[in-house]
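Asker: I have a structure I would like to understand better, so I am pasting it below and will then ask my questions one at a time.
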Amino acid sequence: MAKRPTPGKCVHCLKDPVERNWDHVFPESWYPESSRKDQYKWQIPSCIPCNTALGKIENEFLSLVALCLEPDDPASRSIVQKALRAHRPSAGKNERDRGARAALRKRTLKEALEGMAIPEEGIFPGLGERWDRPQKDQMAMLIPADSFRRLTEKIVRGIFYVLDGKFIEPPFVIEFFALDPSVGKSIREVIDKFGTTYAREPGIVVRRAVAPEDGTTSFFEIEFWRQFKTYASVTRAS
């Protein structure tokens, strides 16, 4: 295990100097069992408050988004199984654990939308109905849009630090996009033509196109478990 990083700047909040520990760019629990056993997992130095806050977002996000993934795809099978166990009281190790799982199951079902209550708009690209069920038999998970944004931004910051040793700081800002396949053609064309791929398959594949003029202005495409993508840009604030 790597030694704890020395005090310094946090990749996320940019505070400096702060006590830091290692934060996984792509959470360890998000790597499917089909990943290579010797696969290097990107790590970055984070202040403890940022690491704790992002860890909570990651856990809550995974518990919901995993229920929307394909259960038979090798890229997501173990992730789906893990999420289902987390919602199954009988899988608990003790009474307290069983109670926590029951509470999670109850909360998830309470917040889910069913049948005709599911809106036609607001479904994240790639996470819609994938089993061709009639709408009356469908169920939708309510996942905060801010979770997609925060996790995409975390990966963008992490990639720049891992590959370039660089912090994304003013005047540069990160902007998040959820692009439907029918839009965003120009962004995809730039990434297709100039992008470089950084893969930790089958869990995550990142494509990044960086402007050579300043080495920071860039577009990102981030694919999760081969099933949905998020996009981001890094530009100078206007």
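The values are calculated or read from the model by the stated rules, or taken from the named source; none is laboratory data. Here the structure is a predicted model, which means the values were calculated and not measured. Cβ placement follows ideal geometry from the backbone for every residue including glycine, while neighbour counts extend to all protein chains displayed.
Asker: Within segment 1-31, take every residue that is at pLDDT below 95 and among the small types (Gly, Ala, Ser) and give me the one that is surrounded by the most Cβ atoms within 10 Å (Cβ to Cβ).
Answerer: Across segment 1-31, the extreme among qualifying residues is Ser29.
Asker: Additional query: Determine which single condition Arg188 fails, assuming it passes every other condition in (1) outside any loop (DSSP other than H, G, I, E, B); (2) of a type in the set (D, E, K, R); (3) surrounded by fewer than 18 Cβ atoms within 10 Å (Cβ to Cβ); (4) more than 17 Å from the chain's Cα centre (by Cα).
Answerer: Just one mismatch for Arg188, condition (3).
Asker: State all residues of segment 164-185 that are farther than 23 Å from Glu121 by Cα, out of contact with any strand residue (DSSP E or B) (no Cβ under 7 Å at 6 or more places or on another chain) and surrounded by 11 or more Cβ atoms within 10 Å (Cβ to Cβ); if no residue qualifies, say none.
Answerer: Once the filter is applied, which keeps residues that are farther than 23 Å from Glu121 by Cα, out of contact with any strand residue (DSSP E or B) (no Cβ under 7 Å at 6 or more places or on another chain) and surrounded by 11 or more Cβ atoms within 10 Å (Cβ to Cβ), segment 164-185 yields Asp164, Lys166, Phe167, Glu169.
Asker: May I pose another question? Determine whether segment 164-184 contains at least one residue that is over 13 Å from the mean Cα position of the chain (by Cα), within 27 Å of Gln43 (Cα to Cα) and part of a helix (DSSP H, G or I).
Answerer: yes
Asker: Residue under question is Arg88, and the condition is that it be in contact with an Asp or Glu (Cβ under 8 Å, 6 or more places away or on another chain) and either buried (at least 16 other Cβ atoms within 10 Å of the Cβ) or of a type outside the set (A, V, I, L, M, F, W, C) (or both); does it hold?
Answerer: Answer is no for this residue.
Asker: Next question. Identify all residues within segment 106-140 that are assigned to a helix (DSSP H, G or I) and either surrounded by 15 or more Cβ atoms within 10 Å (Cβ to Cβ) or touching a Leu at 6+ places or on another chain (Cβ under 6 Å) (or both); write none if there are none.
Answerer: If the condition is that a residue be assigned to a helix (DSSP H, G or I) and either surrounded by 15 or more Cβ atoms within 10 Å (Cβ to Cβ) or touching a Leu at 6+ places or on another chain (Cβ under 6 Å) (or both), then Thr108, Glu111 are the ones that fit.
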